[in-house]
1. Per the 1.4 Å probe, what fraction of the accessible area of the chain, in percent, lies on carbon and sulfur atoms?
2. Suppose the chain between Asn134 and Arg112 were pulled fully straight at 0.36 nm per residue; how much longer would it get relative to their current alpha carbon spacing?
3. Hey, got the dipole for the stretch 54-210? About the Cα centre, +1 on K and R Cβ, -1 on D and E Cβ, debye to the nearest 20?
4. Please give, to one decimal in nm, the separation of the simple spin-label points placed at Ile125 and Leu99, each 7 Å out from Cα toward the Cβ.
5. Quick one: what are the phi-derived ³J(HN,Hα) couplings along the stretch 62-70, Karplus 6.51/-1.76/1.60 with θ = phi - 60°, whole Hz, x for glycine and proline?
6. Could you tell me which trypsin sites (Lys or Arg not before Pro) in the stretch 108-188 are loop residues by DSSP with no more than 16 other beta carbons within 10 angstrom of their beta carbon?
7. Search the structure for amide H atoms under 5 Å from the amide H of Ala116, placed 1.01 Å from N in the peptide plane, and list their residues when 5 or more places away or on another chain.
8. Run the 1.4 Å probe and let me know the accessible area of His42, rounded to the nearest 10 Å².
Amino acid sequence: ISAAEAAAMDPQQRQLLETGYAALHASGASKAALLGAVVAVHVGQWASEFGIVLTRTPAGRSVYASTGFSCSVTCGRVSFALGLQGACASVDTACSASLVAHHTSVRVLQRRECDAALSAGVNMILDPATMRGNATAGFTSVRGRSHTFDARADGYARGEACGGVVLQPAAQAQGAPPMLLGAAVRQDGRSASLTAPNGQAQRALLRAAL
C-alpha cells in the first residue's frame, strides 16, 4: 500500500486487516494457504465517520478517497489483501451488525458455500457529529453508561472495538474450539417507535436461537 493510499484509508479498514489476519492465523491458516482459498468474510459495520474527516484533509482529493471509507471496501480489502475468494459482505443493522454478520457466516458454512468464514466487527468514533445527533435524538445515556436489561437504563453508550473469529466446520476445526449450536436473526416489527425494542419479539428470537 502506498503512502497516498494509506493516508486515505479508514482506520477501521486498517484495524480489520490486522485483526482479520490475526484471527485467520490463529485458526492455523498460513498466508500462502489463504491465497485463492474459499474463505468468506462478513463484517458488521454500521457506518464510517472517516468520510467526514477525510474531506478536511489533502487526502480527501486523492484518487483513493472514494474507496478509503466505503463500508463495502472494509470487508473487500481483507479478501483482496489475502486473496480470499469466498463470499464477502459488510452488514449494517446498527447495534446488531456484528451479530448479524456472524449469523451470515454460519449460514454460508451450513450451505457449504465456503470452507471457512471470518466473522468480524469494527467500530471507531472519529467525528463528534454522530455523537451530537444521537444525543439530540435522546438515544445516548446521560450518564454515559449502557445498563442492559436494567431499570437504570436511560440510553446507550457508544464504544469502539474491532474483533474477529474464524468459523470452520467441526470436522476440520483444529483442537477443541467452542461449538456454535444455535443462531437466529429476526426483526422487532411493530413497537412503540422506530427505535424502541419489542420485548415479545426479542423473547421469541431467543427461543428460536435456543
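1. Of all accessible area on the chain, carbon and sulfur atoms account for 58 percent.
2. Full-extension gain reported as 3.9 nm.
3. About 240 debye.
4. 2.1 nm
5. 6, 5, 8, 4, 5, 9, x, 10, 6
6. The qualifying sites are Arg111, Arg112, Arg143, Arg145, Arg152, Arg158, Arg186.
7. The list, which skips near neighbours in sequence, is Ala40.
8. His42 has an accessible surface of roughly 10 Å² with all protein chains in place.
The values are calculated or read from the model by the stated rules, or taken from the named source; none is laboratory data. This one's a predicted model, so the numbers in the text were calculated from it and none came from an experiment. All Cβ positions, glycine included, derive from the backbone under ideal geometry; neighbour counts span all protein chains shown. Accessible surface areas use protein heavy atoms only, side chains included; no ligands, DNA or RNA. Shrake-Rupley method; radii C 1.70, N 1.55, O 1.52, S 1.80 Å.
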